[in-house]
Amino acid sequence: MPGTALTLATREVNAPRPEPIDEATLIACLRSRSTDRRWTPHVRAFLEELPIELIHDVVLEKHVTFRELKSAAEIWGKLDGENIAWIEEMAAHRMA
C-alpha cells in the first residue's frame, strides 16, 4: 500500500535530514502562527521542494488548506519559487 499523500510528503522532507519530523508536527508547523527553528528545513522543503501534485494531494486529504500554506510560506521565511507562486494562486482562487 503506497500510503497517504501526507505520509509520502513526510518521508520526502525527512529523507536528507538527521532529525525526522512526524506527520502531526509537520501539519502543526504548517498551521502555526510561529516557527520552531528545529523544523525550518522540513517546512521549507515541504513548501519549496515537493512536487506540486503531492502538495495538492495533501490539501485534498484535508490536512491543510491553501490559505494555511500561503500563511506558512509567509511565516517560515522569505520563500519563493514555482511552488510558492502556485500556492498563492490556489489560495486566491479559494478565497474568491
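What is the one condition in (1) within 18 Å of THR10 (Cβ to Cβ); (2) surrounded by 14 or more Cβ atoms within 10 Å (Cβ to Cβ); (3) out of contact with any Gly (no Cβ under 9 Å at 6 or more places or on another chain); (4) not hydroxyl-bearing (Ser, Thr, Tyr) that ARG44 does not satisfy?
With respect to (1) within 18 Å of THR10 (Cβ to Cβ); (2) surrounded by 14 or more Cβ atoms within 10 Å (Cβ to Cβ); (3) out of contact with any Gly (no Cβ under 9 Å at 6 or more places or on another chain); (4) not hydroxyl-bearing (Ser, Thr, Tyr), ARG44 is out only on (3).
Which residue out of HIS56, HIS93 is surrounded by fewer than 12 Cβ atoms within 10 Å (Cβ to Cβ) and out of contact with any Leu (no Cβ under 9 Å at 6 or more places or on another chain)?
Answer to the check: HIS93.
Out of contact with any Lys or Arg (no Cβ under 7 Å at 6 or more places or on another chain), part of a helix (DSSP H, G or I) and not basic (Lys, Arg): is that true of THR35 in this structure?
no
Cβ-Cβ below 9 Å, separation at least six or inter-chain, first residue in segment 55-70 and under 10 Å from ILE87 (Cα atoms), second among the β-branched types (Val, Ile, Thr) and surrounded by fewer than 17 Cβ atoms within 10 Å (Cβ to Cβ): which pairs?
none
Could you tell me whether GLU61 is modelled with pLDDT of 95 or more and acidic (Asp, Glu)?
Details: modelled with pLDDT of 95 or more: yes; acidic (Asp, Glu): yes.
So GLU61 passes the test.
Restricting the search to segment 47-86, which residues are in a loop (DSSP other than H, G, I, E, B) and either more than 19 Å from ARG11 (Cα to Cα) or not basic (Lys, Arg) (or both)?
Across segment 47-86, the qualifying residues are LEU50, PRO51, GLU61, HIS63, VAL64, THR65, TRP76, GLY77, LYS78, LEU79, ASP80, GLY81.
Looking at (1) surrounded by fewer than 17 Cβ atoms within 10 Å (Cβ to Cβ); (2) touching a residue at least 24 places away in the same chain (Cβ under 8 Å); (3) in a loop (DSSP other than H, G, I, E, B), can you tell me which one LEU8 breaks?
(3)
Looking only at residues in segment 11-35 that are exposed (fewer than 12 other Cβ atoms within 10 Å of the Cβ) and of a type in the set (D, E, K, R), which one is farthest from LYS70 (Cα to Cα)?
My answer is GLU19.
The values are calculated or read from the model by the stated rules, or taken from the named source; none is laboratory data. What you are looking at is a predicted structure, and each value in this text was computed from that prediction instead of being measured. Positions of Cβ are backbone-derived with ideal geometry, glycine not excepted, and every protein chain shown enters the neighbour counts.
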